[in-house]
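All remarks here apply to the structure that follows.
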Ligand code: IPM
Ligand code: MN
């Protein structure tokens, strides 16, 4: 089949890791007889430098012509002091909103070969970690109004608004229940219902929707407690559903317990489009040095094949190739352990592409 994909390499290590993702994508296409039609466009700081805005109309147009988008990362110190509308991050937030990508799926699975790289105690990690964070991505405090910095009685006040409609909550919660049905049938909903009204509504909607999924076991956790449970009993989670801000924070935490953020992929899905990106950032400190870990992006390519094109066999081939390569002892710097073989970003991509 023809796979039309738009590449948004972005900033920092983005271009390097996307290059390796494409390398593996090409290997898969060749092996399984697919043709690739790749577009490329600017986003984030790279787009600010070239077009004066983080999400140029041309980029959005190219993305809308494809079903699937592969993104590297956005951001960097160069643009840190820009006004809010001219920050690289704004490009990412805008594309999520414009394409209606309301569901951010972040699978956190311990790759057995990386067990020693986990920051957690061995007896905890040994029980296995295989959870899926489902984060609402186009609402909540990231987008609620009023927002801004205003002057009030002679002093400045900063305001953001955490806001969810019943329909927004129901849409993401239903998806999370559906995903739980295909997994271990356990759903943890995370909120701050002991303090926030918006969370009380969230919890109320989960309770309403759960009636339609009697096979799924539901647990509610306050976000502070969830942050703690994630490190003390990560093995007991299956699907975790939460709002935009809590999901942002918890997915980084969940991410790092498996070893390195450099290995975690994500999918942001809406009705029409899917955008796939590693959950790590642009890592400006190591950009351009060919030492980043491309595995998160390569696994994002696997998610892209699976979710946007329904090619689960092809996706499986990528996951296996990653495990095999790690099994041979090849490691980028972030996951290097004594006795293993250090490789560059591009070498890691070469090895994985070879195993596909
Ligand atoms: C993420 C990132 C983004 C977010 C930033 C870069 C806007 O941290 O994808 O998790 O906060 O959503
Ligand atoms: Mn984040």
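Only the coordinates and a few stated rules stand behind these numbers; no lab work does. Since the structure is predicted, the reported quantities are computational estimates derived from the model, not experimental observations. In this analysis, Cβ positions are derived from the backbone assuming ideal geometry, glycine residues included, and neighbour counts consider all displayed protein chains.
Worth a mention:
- If you bin all the Cα-Cα distances of the stretch 258-311 at 10 Å, starting from zero, the percentages per bin are 25, 46, 24, 5.
- Diffusion coefficient, µm² s⁻¹, Stokes-Einstein with Kirkwood Rh over alpha-carbon pairs of the stretch 119-257 at 20 °C and 1.002 mPa s: 134
- Here is how the number arises for the chain: DSSP H runs of 4 or more residues each give -39500 (n - 2.57), the sum is divided by the residue count, and the result at 222 nm is -12500 deg cm²/dmol.
- Whole-number percent relative contact order across the chain, with pairs defined as alpha carbons under 8 Å at least 6 apart: 23
- Entry note, the stretch 33-149: relative contact order of 22 percent, from Cα contacts under 8 Å with a spacing of 6+ residues.
- Cβ-Cβ distance of residue 127 and residue 153, R₀ of 51 Å, FRET efficiency by 1/(1 + (r/R0)^6): the value works out to about 0.40.
- Cα coordinate range in the stretch 1-122, projected on the principal axes (Å, largest first): 44, 43, 27
- Square roots of five times the Cα gyration tensor eigenvalues for the stretch 120-161, Å: 42, 16, 4
- Global size of the stretch 64-195 as Cα Rg and Dmax, reported in angstrom: 19.2, 59
- Kirkwood Rh (inverse of mean 1/r, distinct Cα pairs), the chain, angstrom: 20.9
- Simple label model, 7 Å out from Cα along Cβ direction - residue 163 to residue 212, nm: 2.5
- Overall Cα dimensions of the stretch 84-157, principal axis frame, Å, largest first: 56, 33, 20
- Taking 0.36 nm per residue of separation and subtracting the current Cα-Cα distance, fully stretching the chain between residue 64 and residue 51 would add 2.8 nm.
- Normalised by 2.2 N^0.38 Å, where N counts its residues, the alpha-carbon radius of gyration of the stretch 202-281 equals 1.23.
- Computed over Cα pairs, the Kirkwood radius of the stretch 40-91 leads via Stokes-Einstein (1.002 mPa s, 20 °C) to a diffusion coefficient of 193 µm² per second.
- For 123, 11, the sequence from fewest to most other C-beta atoms within 10 Å is 123, 11.
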